[in-house]
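Right, one structure below, let's go through it.
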Amino acid sequence: TGITMLGMMLTMLIIAGIKLRYLFLVLVSTVGLGVLLIITSPHRIQRVLTFLNPSASDPASYHINQAAIALGSGGLTGKGLGQSVQAFGYLPEAVNDSIFAILGETFGFVGVMLILVLFYALLRRILRVIDTVNDPTMQLIAAGMFGLIATHLVVNVGAMTGVFPLT
């Protein structure tokens with residue numbers, strides 16, 4: 001949620017016309033705070049180490065391993081609606097945190113690509129709204145929605161494919 005809010009805020013700041021030096025300062029401060037939060041908490045360090053070196057025998061790797069199984073078992077065309085094995089017992093938080101993995105198992109590679117294309121079309125449409133609307137308040141609201149959706153999409157897809165740490 002924090003990363004999503006940050007993405008929404010940064011998008012709104014960019015549309016509002018923040019100077020690049022201030023944007024850079026916000027980004028550096030945020031990254032510094034994130035690193036500080038990670039190194040001051042043993043369980044966060046463990047999560048980063050698990051991300052860097054997941055193994056089947058490590059209990060901390062369970063979630064990402066199950067997500068990989070879900071994505072892989074979907075194959076090209078998926079198992080079909082209601083046929084997901086991972087959603088009903090193996091993958092934690094299947095209906096929200098792990099939704100991309102479940103979509104991959106249910107609809108397969110082709111279905112997931114179609115879903116991503118639809119998200120791309122939605123995000124492009126929001127960008128068009130930002131460009132065409134004349135009211136600055138409405139531009140910021142549209143920018144916030146763009147940031148919210150885009151950040152959620154990138155974070156969820158990245159986490160379920162192993163590109164980003166789960167938390």
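The values are calculated or read from the model by the stated rules, or taken from the named source; none is laboratory data. Treat the numbers as computed from the prediction; the structure is a model and nothing was measured. Here Cβ is always computed from backbone atoms with ideal geometry, including for glycine, and neighbour counts include all displayed protein chains. Each accessible area value is taken on the protein alone, full model and side chains, heavy atoms only, with ligands, DNA and RNA left out. Shrake-Rupley method; radii C 1.70, N 1.55, O 1.52, S 1.80 Å.
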Practice item. For Arg124, Arg44, Arg21, give the ranking by accessible area with the largest first, probe 1.4 Å. Key: Arg21, Arg124, Arg44
**Study point:** the range 1-84 shape via C-alpha gyration tensor axes, a/c threshold 1.5
**Key:** oblate
Study note, to complete from the structure: If each part is reduced to its alpha-carbon centroid, the range 134-167 and the range 74-130 end up apart, in Å, by 16
Review point. So what is the accessible area of the range 56-167 per residue, in Å², with the probe set to 1.4 Å?
Key: 58
Practice item. Mind sorting out which of [x] 2, 11, 21, 25, 23, 12, 4, 1, 0, 0; [y] 2, 8, 13, 16, 16, 14, 13, 10, 6, 2, 0, 0; [z] 1, 9, 17, 20, 20, 14, 9, 5, 3, 1, 0, 0 is the real P(r) over Cα pairs in 5 Å bins from 0, in percent computed from the coordinates? Key: [y]
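Got the relative contact order for the range 17-167 handy, in percent, Cα pairs under 8 Å and 6 or more residues apart? Provide the component values of the computation, followed by the final result.
Details: 140 pairs, mean separation 33.4, N = 151.
After rounding, I find 22 percent.
With only Lys, Arg, Asp and Glu charged, each at its Cβ (+1 for the first two, -1 for the last two), find how big the charge dipole of the chain is about the Cα centre; round to the nearest 20 debye.
Numbers: 8 positive and 6 negative charges, 72 e Å.
About 340 debye.
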Review point. Per the 1.4 Å probe, what fraction of the accessible area of the range 59-167, in percent, lies on carbon and sulfur atoms?
Key: 70
